[in-house]
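Structure record follows, encoded as structure tokens.
We did not get these values from a lab; they are worked out from the coordinates using the rules stated. Just so it is clear, the structure is predicted and the values come from calculations on it, not from any experiment. Quick reminder, even Gly has a Cβ in these numbers, built from the backbone with ideal geometry, and neighbours come from all protein chains shown.
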Amino acid sequence: MLRCTTLHPRALFMHRAKLLHRGVAQLSHVKVPPTITNEPVKAFAKGDARDWDLLRASLLKFNNAALEVPLVINGKRIYAEESGKGTRAVVQQVNPANHSQVLANVTQASPEDVSSAIAAASDAKHAWYSLPFYDRAAVFLKAADLISTKYRYDMLAAVMLGQGKNVHQAEIDCVAELADFFRFNAKYAEELYAQQPTNGAPGIWNSVEYRPLEGFVYAVSPFNFTAIAANLVGAPALMGNTVIWKPSQYATLSNYLLYTVLEEAGLPGGVINFLPGEPQQVTEQLIASRNFGALHYTGSTEIFKQLNANIQSNLAAGVYRDYPRIVGETGGKNFHLVHSSANIPNAIFNTIRAAFEYQGQKCSALSRLYLPQSKSDEFLADLAGTLAVPDAKFTPTNTSTSAISGGDLHGFVGPVIHERSFDKLAAAIDEAKRDPELKIVCGGNYDKSKGFFVQPTVIKTTNPTHKFLSTEFFGPILTVYEYPDAEYAQVCKLIDETGTYGLTGAVFARDRAAIQTANDALRYSAGNFYINDKCTAAVVAQQWFGGARMSGTNDKAGSGNILSRFVSMRNTKENFYDITGYKYPSNYD
């Protein structure tokens, strides 16, 4: 008699791996669903009552009490008080719009936990990559569906409260882009696996195997995009790698919710290990491991440089068995160049969005603006008028009547992420008030009495090489330089030579010759270049994202290229003919 039994997910995972090892698991060549498209972004317009009601219910859920966030190693949750060698540290994640509100108490990894995560990643590796692609892809395809349906409003609430986003910014991040990464990566992986040698000789069969990297992947995710965190861990895991994930302490709430969704979608224990902790201690221990195989990083340029140096030093010292892959996306000092032929209202509205959406805390955010003298006064007057706050003093809890409001559920801008960022931005604004080469056109106020609020601030400089045009502030500060109309070609060269980044940029012009001049001169100034559109908001599969120079390794998230960085190819040649001697025709007597 046949009996039906239900296996625990971990047991089922191991059982299927054993079947595959015996050669019976791959019974068909499957393709990902042909209907994969970009996830629609919900508008949350005034009349969308049901969406607002569901969102408010989720916001109440997270507002009621702080969440206890554990480590997750090999599928096991580890809380601070469970340590056998004393209590682990706990770090609080607060609401940046109301810093007295604690959203999460986050357990921090000890050195022993880091060692356990390395062991877990190693132990889970073979069973995970031995699964058919169908099974690995199914985890991420299902997670995308869970995010866009069952957990949509919880994800939005976690990101809005924890990372200071308004609902639109949260929707395009933790729902649409996140789902797009998981779905399109599955499509790109299928296409990559299908790339095989096309030439051969009679009696020869050539094939290529896309092996996962031999060691674990260390994923370091930033505070500003939950979708980036999803791609940092999801892209290598989809290709059969195991991952150790250190989330930003300022995004742990949404990142942990994402991890639980992956578990519900069928992710086995040990494949992705969730490891909040003190960044330097965790990182030094992980990159010192012989099993370190790759760094997948988004964050500070200076930290990425230091990690590169440390990894290369370890490589030279013989720590690793392989050359670690280093994949990183860091900062930008992104530009808008306005030509005298531009549609000025279009350029103004795109400038506001690019500079001040999510408080300028996008690596692609606009930070420097170049205006022709013939249009500068008109542009800046209209820009300042659009940004104007009715009150003489910027009060972020009472600005709902302005076009740009902060600390409000329906506002355009909100708080910056933490006090360190606030203090840096406030200091820059104060410096601008003192510097004779700088003039504040509008904004210039800040307030951290309740939350970390900085008013959108536009600063004009008379110095084309002023440090405000090359320093990345990562906040709502926009620096403007006015150039003579006849020097358009020269200002293109100036933009290219100012600073060390090369992430995003845009030109606004109707004149096609002006567009082509900028396109040629700024070829290496931006990995993502926009024409009559803002320099932010690349969409997965539409605008592959990444920049070179000091903006990163330009491996293009949102494309298939990123997946190739997490595989190591092996070619196999099988010969069906036997040879009858060792000599070639030229070896005659």
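Values for this structure:
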| item | result |
| --- | --- |
| Neighbour-count ranking [beta-carbon atoms within 10 angstrom, fewest first] of C363, C492 | C492, C363 |
| Too-long pairs where the Cα-Cα distance tops 18 Å, listed order kept, from K362/K534; K375/K460; K424/K448; K31/K150; K433/K467 | K31/K150 |
| Rounded FRET efficiency, nearest 0.05, which uses the C-beta distance separating H410 from E437 and R0 of 25 Å | 0.10 |
| Residue order, fewest to most surrounding Cβ atoms within 10 angstrom, among H339, H99, H410 | H410, H99, H339 |
| Stretch gain in nm, segment E574-R50, where the contour uses 0.36 nm per residue and the Cα spacing is subtracted | 182.6 nm |
| Descending principal axes extents, region 334-544, alpha-carbon based, whole Å | 49, 44, 30 |
| Prolate/oblate/rounded label for region 129-287 (Cα gyration tensor, a/c 1.5) | prolate |
| Extension gain, S586 back to F349 (0.36 nm per residue minus Cα-Cα distance, nm) | 77.9 nm |
| For Q101, distant residues with modelled amide H under 5 Å away | N95 |
| 20 Å reach of a label modelled at N199, 7 Å along Cα-to-Cβ, counting backbone N of region 562-589 | 570-576 |
| Exposure proxy order (Cβ contacts within 10 Å, fewest to most) of K165, K46, K433, K125 | K46, K433, K125, K165 |
| Area projected by the alpha carbon convex hull of the chain, averaged over all directions, nm² | 36.5 |
| 0 to 90° range, to nearest 10: angle between helix 373-387 axis and the chain longest Cα axis | 80 |
| Gap separating the Cα centres of region 103-161 and region 245-266, nearest whole Å | 6 |
| Rounded, prolate or oblate (a/c below 1.5 giving rounded, otherwise prolate when a/b exceeds b/c) for region 78-149 by Cα gyration tensor | oblate |
| Share of alpha-carbon pairs per 5 Å distance bin for region 450-511, given as whole % | 4, 13, 23, 25, 18, 10, 4, 2, 1, 0 |
| Loop chymotrypsin sites (Phe, Trp or Tyr not before Pro), region 41-85, which have at most 15 other Cβ atoms in a 10 Å radius of their Cβ (DSSP) | Y79 |
| Rounded to 10°, Cα long-axis angle of helix 512-521 versus longest principal axis of the chain | 60 |
| Theoretical ellipticity at 222 nm over the chain - DSSP helices of four or more residues, -39500 (n - 2.57) apiece, nearest 500 | -11500 deg cm²/dmol |
